[in-house]
Structure formats: structure tokens, C-alpha cells
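I have placed the structure first, in the form of C-alpha cells, so that the comments after it can refer back to it.
The values are calculated or read from the model by the stated rules, or taken from the named source; none is laboratory data. None of these values were measured; they are calculated from a predicted model. So basically every Cβ, Gly included, is an ideal-geometry build from the backbone, and we count neighbours across all protein chains shown.
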Amino acid sequence: MKNWNVRKAVVAPDDLPEEHRLKKSLSWPHLVALGVGAIVGTGILTLIGVGAGKAGPAVILSFAIAGVICACAALAYAEVATMIPASGSAYTYSYAVFGELIAWMIGVALILEYTLVVSAVAVGWSGYAAGFLKSVGMGLPDALIQGPELGGVLNLPAIFIIWVVAGLLMAGTRESATLNAVLVVIKLAALALFIAVALPVFNADHFHPFMPFGFPKTGASGSEVGVMAAAAIMCPRASTFFPSFTAVAKFSFTRRTPSTAMPSANGW
């Protein structure tokens with residue numbers, strides 16, 4: 001354990017041999033879409049219903065609180081990424097500061113984090129896919145759209161979308177990033193369309209009571225309610241926001257100017 005904080009010098013990408021460098025194939029919009037896609041996909045379309053159940057209409061405040069926390073994390077990632085010119089995100093940053101042992105622990109945590117994020121997003125997508133297939137008369141049996149803990153056998157749509165995304169990633173970084181950017185535009189357009197359609201029938205009476213469960217987190221463990229209870233699940237639950245920062249940090253070095261790409265992408 002005497003060498004727990006041993007570390008090698010972090011080499012800038014331009015100083016690495018050509019075969020060890022990441023191919024600079026992404027543009028600035030790709031990085032912005034990468035971060036926005038992670039947040040809009042699960043943070044808004046999936047978690048908003050859970051948050052509304054805990055805070056009622058005051059879920060708006062929960063999102064604002066979570067947004068401030070995420071902004072602090074984004075600024076921290078942007079600053080550290082420009083100070084340590086190497087890919088690897090939180091693993092590299094902890095390696096440069098603390099050494100191999102802490103970096104290894106952070107690396108394991110990142111693997112678990114992404115595993116949880118992928119499963120949460122895949123299950124959320126599966127719910128939408130299963131509902132769509134049922135609406136067109138092609139519904140799947142309950143055993144194939146739920147995991148064993150919910151009485152099913154396996155979640156087939158969730159497994160399917162994971163394999164599809166994995167195939168896109170193997171096809172190439174730029175190709176998968178371009179498709180992601182297109183999907184982000186579609187999601188933003190869908191949100192804009194929803195606002196345009198729903199705004200004329202907006203009813204302010206639905207905001208009363210605005211804060212039915214109060215501001216602080218209250219209730220028994222596992223069934224907490226309140227504005228802070230909803231805010232607590234926005235960022236940490238499934239870590240839907242923070243992986244977008246780590247992903248942007250890693251891919252920023254596929255840009256020609258990562259020192260400017262990282263702050264801009266995470267800022268947006």
C-alpha cells in the first residue's frame with residue numbers, strides 16, 4: 001500500500017504517438033448534442049413523472065435546484081478538463097491528483113454509474129416502445145417487457161435498444177455522434193410541438209396547491225415526498241446528468257481545440 005498514490009505523468013494528446021491519439025473527428029455541435037441528449041432523453045422524458053409524484057406542480061422548483069447543482073458540476077468539469085489535457089474524464093483527473101488507487105476506485109464507480117444509467121434509459125425507452133407497439137396492434141407479452149423482479153422473464157425492448165446503440169458506437173465515433181445530434185433535434189422539436197399544442201389549453205388551476213407536500217423532504221425512507229425529495233432524484237438517480245459531463249469530457253479531445261470545446265459544450 002506504500003505506492004497507493006503513485007502516478008505517471010499525464011501526457012498531452014499532441015505529445016502522444018500518432019497511434020495512441022484519438023481521431024479528431026467531432027465538431028463542437030456534436031459535443032453539445034452529446035450532453036443535451038443525455039439530459040433531455042432521460043432527465044425530462046422519463047424522470048419528470050416520478051418527480052411530479054413527489055413534489056406535485058412544484059417539480060418546477062425541483063428541476064431548478066437540480067439545474068443549479070448540475071451547473072456547478074459542469075463548471076468543475078470544464079475547468080479541470082482544460083487544466084489536464086488528456087482523455088479519461090474523472091478517472092484521469094483523480095489519477096493526476098491522488099494517484100492510482102483512488103483513480104482505480106473512481107474508474108470502478110464510473111463503470112457502475114454507466115451501467116446504471118444505460119439500464120435506466122433502456123427501461124424508460126422500453127416503456128415507450130411497448131406502448132407504441134400495443135397501440136398499433138403489435139403488443140408484446142408482459143413476460144417480454146418486464147424484468148424478473150416485476151414478474152416478467154426479460155425486458156426484450158430494453159435489450160434490443162442497448163444492442164442497437166452498441167452497434168452504432170462500433171460503426172464509428174463521428175457516425176454515432178451525428179445520429180445522436182439528429183435525434184436530439186427531433187427530441188427538441190417534439191418538446192417544442194408539445195408546448196405549442198398544450199399552451200392554448202393551459203389551466204392555471206392545476207397549479208393549486210402548488211406545493212402539496214411542502215418544500216423539505218419528508219416521509220418514510222423509500223417513499224419521501226417534497227420539493228427536495230424530487231430534486232434529490234433529478235441528478236443522483238441514475239446519474240442522468242453527470243454522465244453527460246463525463247462523456248463530453250472524454251470526447252472533447254476528439255476536437256482540434258479541446259481547451260475551448262470542453263467549456264463551451266458543457267456550458268451549453
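Evaluate the following for residue 92: is it part of a helix (DSSP H, G or I), of a type in the set (Ser, Thr, Tyr), surrounded by fewer than 20 Cβ atoms within 10 Å (Cβ to Cβ) and at negative phi? Taking the combined requirement at face value, the residue does not satisfy it. Here 248, 227, 182 are screened, and the one residue that is within 29 Å of residue 36 (Cβ to Cβ), loosely packed, with under 13 Cβ neighbours inside 10 Å and either modelled with pLDDT of 85 or more or hydrophobic (A, V, I, L, M, F, W, C) (or both) is 182. Reported count of residues in region 128-176, each being modelled with pLDDT of 85 or more, surrounded by 12 or more Cβ atoms within 10 Å (Cβ to Cβ) and among the aromatic types (Phe, Trp, Tyr), is 2. Just one residue in the set 214, 152, 139 is assigned to a loop (DSSP other than H, G, I, E, B) and under 19 Å from residue 56 (Cβ atoms); that residue is 214. Of all residues in region 142-161, those satisfying the criterion of being out of contact with any strand residue (DSSP E or B) (no Cβ under 9 Å at 6 or more places or on another chain), of a type in the set (A, V, I, L, M) and more than 16 Å from residue 118 (Cβ to Cβ) are 143, 150, 153.
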